[in-house]
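The next block holds one structure in the form of structure tokens; read it before the comments.
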């Protein structure tokens with residue numbers, strides 16, 4: 001176990017930080033929003049990220065990857081959280097790549113992973129069916145037909161769902177509505193016949209979509225992992241996603257907190273800097289304490305992905321619940337402590353506030369993860 | 001794998017761990033491998049006695065091995081171990097539930113301060129005596145009029161040429177009625193501003209003019225005392241550090257105290273239930289889950305928080321050995337003691353009316369302990385610097401927020 005970054009990881013952090021501040025600051029997200037950009041990210045930015053190896057950061061070397069592990073990934077995600085940079089990093093390089101690494105056949109890995117790493121192929125996970133994260137409650141069906149399957153159903157909150165080249169679809173091949181057995185994963189082209197995609201405009205100005213599947217025909221080799229056994233892939237896949245999004249959320253919290261504590265040192269009221277008021281000092285110091293706890297949780301959760309998979313379910317739920325509450329606290333306090341300017345669109349704090357609320361819904365809210373943590377601990 | 005520790009050192013540590021494990025296995029008596037109740041502890045001192053023969057044997061073996069104070073130099077009775085090695089000893093002891101053979105403020109607080117600020121004579125005189133359990137120490141910082149504003153303290157030590165003459169009183173002197181020596185903050189320059197005129201003095205409590213009386217708390221316990229000094233003569237050589245510079249010694253000591261208090265939860269001398277365990281005894285389960293959703297949520301919050309706190313303890317250690325600067329140590333007293341208070345309140349809720357019994361028949365000992373510990377937990381966020389003072393320190397030293405004009 002290691003909770004301190006090594007030299008290589010620190011260098012990665014510094015280079016990610018300067019690249020993102022130059023190439024994809026919060027202003028870039030504002031521009032995408034204001035121009036109602038149809039893609040929702042800049043392909044040139046993704047090309048540059050891929051060139052730096054970010055698209056292949058967790059991929060094994062055998063498939064042209066960097067094999068930097070999740071600690072390395074976490075460093076990049078945290079920095080991209082500080083700048084709210086919109087890109088396929090999460091949906092493709094974390095979720096898509098992990099799904100293939102965990103469950104892909106040799107042939108699937110050989111054809112898809114190098115393309116992901118090169119920044120040439122993007123993916124999206126079509127999982128959610130209701131407005132709450134309930135990964136085992138799958139009604140979308142995949143029925144055997146001829147030599148393949150016929151997929152029917154509808155999905156929501158599919159991150160990058162309108163822009164990805166391929167979809168990974170979670171569907172039921174047997175069992176009841178909420179059985180973990182009988183879930184299967186399929187990988188297919190987003191523009192396959194029978195797929196309808198509706199982009200949804202979210203509060204955070206990032207990408208998500210509702211997708212319907214109407215008798216979508218796929219070959220047998222679209223199956224990712226064993227039929228009916230998709231839960232064995234989905235659970236560790238979601239845990240990786242939870243840890244990764246939590247690392248990104250750490251970036252929102254740090255950036256918001258630093259901007260706020262800077263503001264406390266420059267804003268004057270009643271003839272004094274507002275940071276000299278104890279009412280604000282204590283709230284700021286309390287946030288510092290929460291940030292320190294979250295930092296330890298994130299480091300341990302990222303390490304668990306790489307080194308102790310048996311700890312991962314509990315650590316992922318701890319990390320996601322902890323970061324949900326952290327970003328809620330810090331973004332709320334950031335707005336309040338900025339006062340009037342805090343509620344203007346001009347100040348970038350609002351972007352963090354809105355992104356935090358969307359991220360809190362990704363792969364489980366606090367209630368979901370508290371329930372799971374308690375269950376894992378036998379109560 | 002991130003810690004930049006060389007692989008040969010790691011291998012040496014593996015070897016060290018296995019040596020420690022087999023030594024403990026051979027030398028720690030079976031009876032000393034269970035959690036301690038207060039009457040099974042050994043605090044040393046002139047009036048201290050061993051609670052059992054096994055406790056004496058265990059203490060003597062650990063003393064001879066140098067592991068009463070594993071990180072202190074061997075010349076002063078310590079083990080001369082590196083922080084990594086000392087951590088291994090602590091982990092291996094915990095692994096077999098080995099009891100701490102000696103407890104006390106001399107070991108935890110004064111010793112580390114003397115190693116940093118004491119002169120050679122003071123180290124020679126006091127460190128081995130602490131490790132040998134010969135003397136028991138208490139702390140004299142707070143005064144009736146100086147709590148959070150510690151630097152306003154008034155207990156004075158006048159320079160009488162060949163000695164100091166001490167007059168005043170100290171409060172919250174833990175177990176002072178059982179202690180032999182006291183380390184004190186005293187005012188040596190009445191004209192200097194606040195912390196500038198304060199010195200750090202060691203005083204033998206057998207000296208004429210010292211008296212102590214216990215204070216009863218809301219928990220019903222009287223662990224704390226008030227100690228009075230009436231024309232007490234203290235030799236000049238008992239000054240630690242420079243005259244009027246005692247504040248820096250005290251600050252170094254406070255760091256030890258806060259670290260200690262933040263860790264106290266995991267090392268409670270009593271057999272206190274965890275909320276998770278208490279739930280199994282006192283709450284209904286339905287389909288493997290606690291039926292009371294509100295309490296289930298609170299227990300989960302607490303367990304998650306404690307895991308985050310434990311990981312942060314671990315991280316501060318890793319940062320220390322890797323020489324990484326971090327604000328984490330400064331928040332530990334605040335989060336650790338607040339979590340302890342949350343736990344006490346939560347245990348009361350889980351135990352219901354069985355958690356508010358005070359004494360006598362009708363309750364188990366564990367239930368009565370729960371009530372008493374709840375009442376005691378209030379002192380945790382006050383002693384050693386209140387939570388509010390901790391937050392002030394973070395605001396000033398970590399966030400570097402502008403200070404209010406008066407401070």
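The numbers here are math on the coordinates, done by the rules we state, and not lab data. Everything quoted here is computed from the prediction, not taken from an experiment. Note that each Cβ is placed from the backbone with ideal geometry, even for glycine, and that neighbours are counted across all protein chains shown.
Compared with the dominant principal axis of the Cα atoms in chain B, helix B:83-95 is inclined by about 50°. Extending 7 Å from the Cα toward the beta-carbon at both residue B:167 and residue B:39 defines two label points whose distance is 4.4 nm.
The calculated FRET efficiency for residue B:361 paired with residue A:105, based on their beta-carbon distance and R0 = 60 Å, is about 0.30. Computed from the C-beta positions of residue A:196 and residue A:375, the FRET efficiency with R₀ = 41 Å rounds to 0.70. Remark: spin-label model distance residue B:25-residue B:396 equals 5.1 nm, labels positioned 7 Å along the Cα→Cβ axis. Modelled spin labels at residue A:270 and residue A:47, positioned 7 Å past Cα toward Cβ, are 5.6 nm from each other. Seen against the Cα atoms of chain B and their longest principal axis, helix B:53-65 is set at about 60 degrees.
Rounded to the nearest 0.05, the FRET efficiency derived from the C-beta distance between residue B:285 and residue A:131 at R0 = 25 Å is 0.25. Report summary: the helix-based calculation at 222 nm, which adds -39500 (n - 2.57) for every DSSP H run with n ≥ 4 and divides by the residues of chain B, gives -13500 deg cm²/dmol. When a/c reaches 1.5 or more, the comparison of a/b and b/c decides; with that in mind, is the stretch B:137-245 rounded, prolate or oblate per its Cα gyration tensor? Oblate is the answer for the stretch B:137-245, as a/c is 1.5 or above yet b/c matches or exceeds a/b. For chain A, the longest principal axis of the Cα atoms and the long axis of helix A:69-82 meet at an angle of about 50 degrees.
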